[in-house]
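Visitor: Right, I'll just put the structure down here and ask away after.
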Amino acid sequence: MSGIDADFVFFDLDDTLLDHRGAERAALTRLHAELPGAERHALDHFLETYRVVNADVWMAYGAGRITKRTARALRFERLFERLGIEGTDPVRLGETYLERYGGHWAWIDGAEEAYRATARRVPVGIITNGFAEVQRAKLARFPDLAERARVILISEEAGLMKPDPRLFDHAARLAGHPAHRLLYVGDSLHSDVEGALGAGWQAAWFGGDRSVAPSGALVIDDWRRFRDLLGS
Ligand SMILES: [Mg+2]
């Protein structure tokens, strides 16, 4: 496989540079232990049910059908409905969840070093879907991210969500390079890889599945491999 040849590298944040899933799991594990009624359900079932309802709620939020405030509470309201949990306020639990979630943020293995190494070679940026204040809090927690990034785009602030090509077009204008000279690295096939390729960018699928990877996408199993391809 040939190396990476790009003039600007943009990164996704959640589950690419930062371990969102690990923090989500840790926060939900604690809620499962504390929430009256949750003990009737195995932890794995509780986690899986949350992921299913959260994905639906995110889709509705991304499509503009519900507000952020609604989305935060609705995912717990739906979880409670599915699991027959009563007597807990989903709005308050949504807030508690975000507090707990914030207590478990961490870099993905090797990501910090790879991000720094990339930034020493080419300008870097971040494009992330997510609630603006949550993503801003992550950037504040890991100052290296924002200090080294030339461009930071958060979907809620930009008014567009990945994979919308207009968000990638906007990022390309801010980067000041033509689309084909830009590389996007992310873990989501739909939002990141298809989004970037659809806007004419190069794409690297972090942790991706080679058997279903679109032609033209680079699949990266870990950050050491990325650094090898970057030649850093
Ligand atoms: Mg991601």
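Visitor: So, E147, is that one within 15 Å of the chain's Cα centre (by Cα) and away from the ligand (no atom under 16 Å from the Cβ) or not?
Guide: No; evaluated as a whole, the condition is false for this residue.
Visitor: What number goes with the only condition from (1) in a loop (DSSP other than H, G, I, E, B); (2) modelled with pLDDT of 95 or more; (3) open to solvent by less than 30 Å² (accessible area, probe 1.4 Å) that L139 does not pass?
Guide: It is condition (1) that L139 fails.
Visitor: A further question on this structure: Restricting to the range 201-216, name every residue that is farther than 21 Å from A55 by Cβ and surrounded by 15 or more Cβ atoms within 10 Å (Cβ to Cβ).
Guide: W201, Q202, A203, A204, A213
Visitor: Is it the case, given these coordinates, that V219 is over 18 Å from V124 (Cβ atoms) and out of contact with any strand residue (DSSP E or B) (no Cβ under 9 Å at 6 or more places or on another chain)?
Guide: no
Visitor: What are the residue pairs meeting all of these: first residue in the range 40-64, first residue more than 13 Å from T29 (Cβ to Cβ), second residue assigned to a helix (DSSP H, G or I) and open to solvent by 70 Å² or more (accessible area, probe 1.4 Å), Cβ atoms under 6 Å, and 6 or more apart or on different chains?
Guide: Pairs that qualify, where the first residue is more than 13 Å from T29 (Cβ to Cβ) and the partner is assigned to a helix (DSSP H, G or I) and open to solvent by 70 Å² or more (accessible area, probe 1.4 Å), are T49/R82; V53/R78.
Visitor: Search the range 190-217 for residues that are closer than 21 Å to A171 by Cβ and pair each with any residue that is at pLDDT 95 or above and open to solvent by 70 Å² or more (accessible area, probe 1.4 Å) when their beta-carbon atoms are under 6 Å apart and the residues are at least 6 apart or on different chains.
Guide: These pairs meet every condition: G200/H180.
Visitor: I'm told W107 meets every condition in (1) more than 24 Å from K138 (Cα to Cα); (2) of a type in the set (F, W, Y); (3) open to solvent by 20 Å² or more (accessible area, probe 1.4 Å) except one. Can you identify the failing condition by its number?
Guide: The failed condition is (1).
Residue-by-condition table, conditions (1) assigned to a helix (DSSP H, G or I); (2) open to solvent by 30 Å² or more (accessible area, probe 1.4 Å); (3) polar (S, T, N, Q):
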{"residue": "E24", "(1), (2), (3)": "yes, no, no"}
{"residue": "V57", "(1), (2), (3)": "yes, no, no"}
{"residue": "T88", "(1), (2), (3)": "no, yes, yes"}
{"residue": "L98", "(1), (2), (3)": "yes, yes, no"}
{"residue": "R116", "(1), (2), (3)": "yes, yes, no"}
{"residue": "G125", "(1), (2), (3)": "no, no, no"}
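Visitor: Taking the condition of being in contact with a strand residue (DSSP E or B) (Cβ under 7 Å, 6 or more places away or on another chain) and closer than 21 Å to V193 by Cα, how many residues in the range 129-144 meet it?
Guide: 2
Visitor: Separate question: Being away from the ligand (no atom under 11 Å from the Cβ), free of Cβ contacts under 8 Å to residues at least 40 places away in the same chain and either touching a helix residue (DSSP H, G or I) at 6+ places or on another chain (Cβ under 6 Å) or within 23 Å of A213 (Cα to Cα) (or both) is the filter here; which residues of the range 161-189 pass it?
Guide: P163, D164, P165, R166, D169, A172, A179, H180, listed by residue number.
Visitor: Picking from A203, A196, A158, A213, which residue would you name as being away from the ligand (no atom under 15 Å from the Cβ), closer than 25 Å to G110 by Cβ, under 19 Å from the mean Cα position of the chain (by Cα) and of a type in the set (A, V, I, L, M, F, W, C)?
Guide: Checking each option against the conditions leaves just A213.
Visitor: Counting residues that are within 20 Å of A132 (Cα to Cα), which helices (runs of 4 or more DSSP H) fully inside the range 147-228 reach at least 3?
Guide: Filter on the range 147-228 gives 155-158, 165-175.
Visitor: Here are some conditions: (1) open to solvent by 30 Å² or more (accessible area, probe 1.4 Å); (2) away from the ligand (no atom under 16 Å from the Cβ). F76 meets all but one. Which one does it not meet?
Guide: Result: F76 passes all but (1).
The values are calculated or read from the model by the stated rules, or taken from the named source; none is laboratory data. Just so it is clear, the structure is predicted and the values come from calculations on it, not from any experiment. For neighbour counting, all protein chains shown are included, and Cβ atoms are generated from backbone atoms with ideal geometry for every residue, glycine included. To get the accessible areas, we keep the full protein, side chains included, count just its heavy atoms, and leave off ligands, DNA and RNA. Shrake-Rupley method; radii C 1.70, N 1.55, O 1.52, S 1.80 Å.
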